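One structure is given here, and the rest of the page talks about it.
The values are calculated or read from the model by the stated rules, or taken from the named source; none is laboratory data. Since we're looking at a predicted model, the values are computed, not measured. All Cβ positions, even for glycine, are placed from backbone atoms using ideal geometry, and neighbour counts span all protein chains on display. Side chains included, ligands, DNA and RNA excluded: accessible areas come from the protein's heavy atoms. Shrake-Rupley method; radii C 1.70, N 1.55, O 1.52, S 1.80 Å.
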Amino acid sequence: MDEARDGVNEMAYQMQKFSWVDYVVFVFMLAISAVVGVYWGFMKKQTTQNDYLLGGRNMKVIPVSMSLVASFVSGITLLGSPTEVYMHGTQYAFIIGGIFLMTIVMTQIYLPVFHDLKITSNYEYLSLRFDNRVRLFGSILFAFTLVGWLPIVIYVPALAFNQVTGVDVHVITPIVCLVCIFYTSAGGLQAVVWTDVIQITAMFGAMALVAIKGTLDVGGIGVVFQRNLDSERIEYPNWDPNPTARHTIWSLVVGGLVYWLQANAVNQTMVQRYLALPTLRSAKWSVFLFCFGISVLYCFCLYCGLLIYARFFDCDPLQTKLAKAKDQLLPLLVMDVLGDIPGLPGVFVAGIFSAALSSLSTSLNSMSAVVLEDFYKPFFKKQLSEKQTNWLLKGVVILLGIICLGLVFIVEKMGTILQLTMTLEAMTMGPQLGVFTMGILMPWIDATGALVGGMCGLITMAWWCLSAQLAIASGQIVHPHKHLTVDGCKYNFTVTEATTPNPVTVEVSPVLHVSYMWYTLAGSVIAVCVGLIVSQINRMRGKVHVLPAPKLLAPQLRRLYKEPPNPGDDSYISAYGDKKEQCNKRSTSISMKPINKIEEIG
């Protein structure tokens, strides 16, 4: 047994070929990011809040689009998507259909509302449409999810770095985080966007290198597809309407559409970049370019999954423990195909860390906007000077970055937190989308209905997601993977018997078997349904219904709500007064004529 264990360890040690050239490439990537921060922070001074958070609302389409792709794709995506194909096949690729549908819905319904209002935080919309209670609810959901997600974004690429170099996670994580905190706090959104441009180039370069060199080593693209066809990993669309099927065309396209709407149409980290563009037309172009870029990158990732199987088709590295975790499969492939060429492993690691840096920097910048616009301004009357505002924004970036760095060490000690934090994201995404959808598409829903609906959606999804994850962890729910074998291994190893959970005697609720791809849709529908019921009850109790200003609704609805239902009703006008005043403030730079009546807003 000792001899067998030595065989695996020796093989793993031989694959750690990270040379000084690779370290130079990796450090060069960090240095470029720091230089960009110095340039925008000290040489091109960010003098106002608008400059720091929105780049003066004068950014260019191409850099913003590249930044959106870079920040959305974290190391979790780059490492997790190939693993998905290796373990379960290519069915997941059909989520690209959901991405294209999201582009249409977002550009026609959600984006015009946010862009026309000229807001900084999209949660500011919730106070204009509803009230500060709903705004605070949305902001807290965003902050809670972000603080839970960011440590994983940092930790996953650190694991990849450990796989290819042997360098401890505790060494590399603080260095990378501190560089990111520096350039984000110093340079604001301009630094974030331009470092993202550099980092997305590194990402595409890294994945292209792996795909091309790996395909040549295996014997060509025909061999890659043939081996995956033989193992049934290349799949046709699964048209099964059963919601408990893990991946079907329905869950990936319909469920994927709703998931991507939340992630791109109402998420502050994404919307903030769209608002930095000068016109709605340029913002829409940016959405289309984002859709194209993210689809191409997904195709690279999914192809790398096929490549991993084509390379290890007869010797599964998970069973032999050559890869200690599923997320280390791609780094293992990289060291296998690129390890002999100095500098190329460094390009790959730089690409993986670029994904983490772009996600981290964008999130830190967005969180500073949320703290200022949603936590400070609505509840504190004191006006901050530009200098005080600048210090507050930079302080939030530094503080949150340090907190996330500290949480990385907790993540390492608590292995199950990876799964639990992804569940946390699923819990909050659906209800948040539901609240925004109620505001933009359902003018008859009031603030209390939106708040109660959002909270009910959150509570329901918390029970649902946590119960499902506990059932998976205890073995009550098992998702079978594709066939894997170790028959062709040419090195010694010890096969560890799979720890199969004891047969479960407790019947699991069918609800817990529902695919995770439906979670966001379910959370949204629950929030909307409860919001409708509560709003109807309020009207039956005689509460005055406040009709939102047309500018707060989707363009398709605005022409239907030009006039109040009873223009001469003083009680209606009185109830509407506060909202009118807030929207007037936001509309002065947009409207072509003075706003004297409600119907002239927008």
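Could you tell me which of the residues Val105, Val134 is at pLDDT 90 or above and either farther than 19 Å from Met517 by Cβ or among the small types (Gly, Ala, Ser) (or both)? Break it down stepwise before answering.
Numbers: Val105 fails: either farther than 19 Å from Met517 by Cβ or among the small types (Gly, Ala, Ser) (or both).
Exactly one of Val105, Val134 is at pLDDT 90 or above and either farther than 19 Å from Met517 by Cβ or among the small types (Gly, Ala, Ser) (or both), namely Val134.
On the given criteria, is Gly523 modelled with pLDDT under 85, open to solvent by less than 50 Å² (accessible area, probe 1.4 Å) and either at negative phi or of a type in the set (Phe, Trp, Tyr) (or both)?
Here the answer is no, as Gly523 does not meet what is asked.
Mind checking which residues of the stretch 200-220 are crowded, with 22+ Cβ neighbours inside 10 Å and β-branched (Val, Ile, Thr)?
Start the filter on the stretch 200-220 by keeping residues that are crowded, with 22+ Cβ neighbours inside 10 Å, which leaves 200, 202-203, 206-207, 210, 214.
Answer for the stretch 200-220, where residues must be crowded, with 22+ Cβ neighbours inside 10 Å and β-branched (Val, Ile, Thr): Ile200, Val210.
Which of the helices (runs of 4 or more DSSP H) contained wholly in the stretch 79-139 include at least 2 residues that are open to solvent by 10 Å² or more (accessible area, probe 1.4 Å) and touching a Pro at 6+ places or on another chain (Cβ under 6 Å)? Walk me through it before giving the result.
Numbers: elements: 95-105, 111-117, 124-129.
By residue number, no helices (runs of 4 or more DSSP H) qualify.
Being open to solvent by 30 Å² or more (accessible area, probe 1.4 Å) and out of contact with any Leu (no Cβ under 8 Å at 6 or more places or on another chain) is the filter here, so list the residues in the stretch 452-465 that pass it.
Passing the criteria: Val452, Met455, Cys456, Ile459, Thr460, Trp463.
Among the residues of the stretch 326-342, which ones are over 15 Å from Ala208 (Cβ atoms) and in contact with a helix residue (DSSP H, G or I) (Cβ under 7 Å, 6 or more places away or on another chain)? Step through it out loud before you land on a result.
We begin by selecting, within the stretch 326-342, every residue over 15 Å from Ala208 (Cβ atoms); these are 326-329, 331-332, 335-336, 339-340, 342.
Scanning the stretch 326-342 gives Lys326, Asp327, Gln328, Leu329, Pro331, Leu332, Met335, Asp336, Gly339, Pro342.
Leu332: hydrophobic (A, V, I, L, M, F, W, C), more than 24 Å from the chain's Cα centre (by Cα) and not in a helix (DSSP H, G or I), yes or no? Break it down stepwise before answering.
Details: hydrophobic (A, V, I, L, M, F, W, C): yes; more than 24 Å from the chain's Cα centre (by Cα): yes; not in a helix (DSSP H, G or I): no.
Criteria not met by Leu332.
In the set Val349, Val371, Val337, which member is modelled with pLDDT of 80 or more, more than 29 Å from the chain's Cα centre (by Cα) and assigned to a helix (DSSP H, G or I)? Full working, then the answer.
On the way: Val349 fails: more than 29 Å from the chain's Cα centre (by Cα); Val371 fails: more than 29 Å from the chain's Cα centre (by Cα).
Going through Val349, Val371, Val337 in turn, the sole match is Val337.
Within the stretch 206-213, can one find any residue that is more than 17 Å from Ala355 (Cβ to Cβ) and more than 19 Å from the chain's Cα centre (by Cα)?
Keep residues of the stretch 206-213 that are more than 17 Å from Ala355 (Cβ to Cβ), which gives 212-213.
From the residues that got through so far, the ones that are more than 19 Å from the chain's Cα centre (by Cα) too are 212-213.
Looking through the stretch 206-213, at least one residue is more than 17 Å from Ala355 (Cβ to Cβ) and more than 19 Å from the chain's Cα centre (by Cα).
Can you find, within the stretch 307-329, the residue that is nearest to Leu78 (Cα to Cα) among those that are part of a helix (DSSP H, G or I) and open to solvent by 10 Å² or more (accessible area, probe 1.4 Å)?
First, the residues of the stretch 307-329 that are part of a helix (DSSP H, G or I): 307-311, 326-329.
Next, only the ones that are open to solvent by 10 Å² or more (accessible area, probe 1.4 Å) stay: 309, 311, 326-328.
Working: Tyr309: 16, Arg311: 18, Lys326: 12, Asp327: 9, Gln328: 11 Å.
Checking each candidate, the answer is Asp327.
Find the residue count for the stretch 104-162, including only residues that are within 16 Å of the chain's Cα centre (by Cα) and among the acidic types (Asp, Glu).
Residues meeting the conditions: 0.
If we scan the stretch 150-161, do we find a residue that is open to solvent by 30 Å² or more (accessible area, probe 1.4 Å) and at pLDDT below 90? Spell out the reasoning first.
Applying the first criterion (open to solvent by 30 Å² or more (accessible area, probe 1.4 Å)) to the stretch 150-161 yields 159.
With at pLDDT below 90 added as a condition, the list becomes 159.
Taking every residue of the stretch 150-161 in turn, at least one turns out to be open to solvent by 30 Å² or more (accessible area, probe 1.4 Å) and at pLDDT below 90.
With the condition being modelled with pLDDT under 75, I'd like the helices (runs of 4 or more DSSP H) fully within the stretch 384-500 carrying at least 3 qualifying residues.
On the way: elements: 386-413, 417-441, 447-473.
Qualifying helices (runs of 4 or more DSSP H): 386-413, 417-441.
Given the criteria open to solvent by 40 Å² or more (accessible area, probe 1.4 Å) and within 21 Å of the chain's Cα centre (by Cα), does Phe72 qualify? Before the answer, list the steps.
Working: open to solvent by 40 Å² or more (accessible area, probe 1.4 Å): no; within 21 Å of the chain's Cα centre (by Cα): yes.
When the stated conditions are applied, Phe72 does not pass them.
Considering every residue within the stretch 274-286, establish whether at least one is crowded, with 20+ Cβ neighbours inside 10 Å and free of Cβ contacts under 8 Å to residues at least 60 places away in the same chain.
no
For the stretch 526-551, how many residues are over 30 Å from Ala462 (Cα atoms) and either modelled with pLDDT of 90 or more or part of a helix (DSSP H, G or I) (or both)? So that I can check it myself, show each step before the final result.
The first filter runs over the stretch 526-551 and keeps only residues over 30 Å from Ala462 (Cα atoms), leaving 540-551.
Now drop any that are not either modelled with pLDDT of 90 or more or part of a helix (DSSP H, G or I) (or both), which leaves 540, 550-551.
Of the residues in the stretch 526-551, 3 are over 30 Å from Ala462 (Cα atoms) and either modelled with pLDDT of 90 or more or part of a helix (DSSP H, G or I) (or both).
Tyr259: touching a Phe, Trp or Tyr at 6+ places or on another chain (Cβ under 9 Å), open to solvent by 40 Å² or more (accessible area, probe 1.4 Å), in a helix (DSSP H, G or I) and closer than 30 Å to Tyr125 by Cα, yes or no?
On the way: touching a Phe, Trp or Tyr at 6+ places or on another chain (Cβ under 9 Å): yes; open to solvent by 40 Å² or more (accessible area, probe 1.4 Å): yes; in a helix (DSSP H, G or I): yes; closer than 30 Å to Tyr125 by Cα: yes.
When the stated conditions are applied, Tyr259 passes them.
So which residues in the stretch 526-547 are more than 29 Å from Gly255 (Cα to Cα) and open to solvent by less than 40 Å² (accessible area, probe 1.4 Å)?
Filtering the stretch 526-547 for residues more than 29 Å from Gly255 (Cα to Cα) gives 537-547.
Answer for the stretch 526-547, where residues must be more than 29 Å from Gly255 (Cα to Cα) and open to solvent by less than 40 Å² (accessible area, probe 1.4 Å): Asn538, Leu547.
Identify all residues within the stretch 221-248 that are surrounded by fewer than 18 Cβ atoms within 10 Å (Cβ to Cβ) and part of a helix (DSSP H, G or I); write none if there are none.
Passing the criteria: Ile221, Gly222, Val223, Phe225, Gln226, Leu229, Asp230.
Checking Thr173 against (1) open to solvent by 30 Å² or more (accessible area, probe 1.4 Å); (2) assigned to a helix (DSSP H, G or I); (3) polar (S, T, N, Q), only one condition comes out false. Which one?
(1)
Within 21 Å of the chain's Cα centre (by Cα) and closer than 30 Å to Glu124 by Cβ: is that true of Ser359 in this structure?
On the way: within 21 Å of the chain's Cα centre (by Cα): yes; closer than 30 Å to Glu124 by Cβ: yes.
For Ser359, the condition - within 21 Å of the chain's Cα centre (by Cα) and closer than 30 Å to Glu124 by Cβ - is met.
Between residues in the stretch 236-265 that are free of Cβ contacts under 8 Å to residues at least 12 places away in the same chain and residues that are open to solvent by 50 Å² or more (accessible area, probe 1.4 Å) and outside any loop (DSSP other than H, G, I, E, B), which pairs lie under 7 Å by C-beta distance while being six or more apart or on different chains?
Pro241/Trp250
Does Phe290 fit the bill of being over 22 Å from the mean Cα position of the chain (by Cα) and either at pLDDT below 90 or assigned to a helix (DSSP H, G or I) (or both)?
On the way: over 22 Å from the mean Cα position of the chain (by Cα): no; either at pLDDT below 90 or assigned to a helix (DSSP H, G or I) (or both): yes.
It is false that Phe290 is over 22 Å from the mean Cα position of the chain (by Cα) and either at pLDDT below 90 or assigned to a helix (DSSP H, G or I) (or both).
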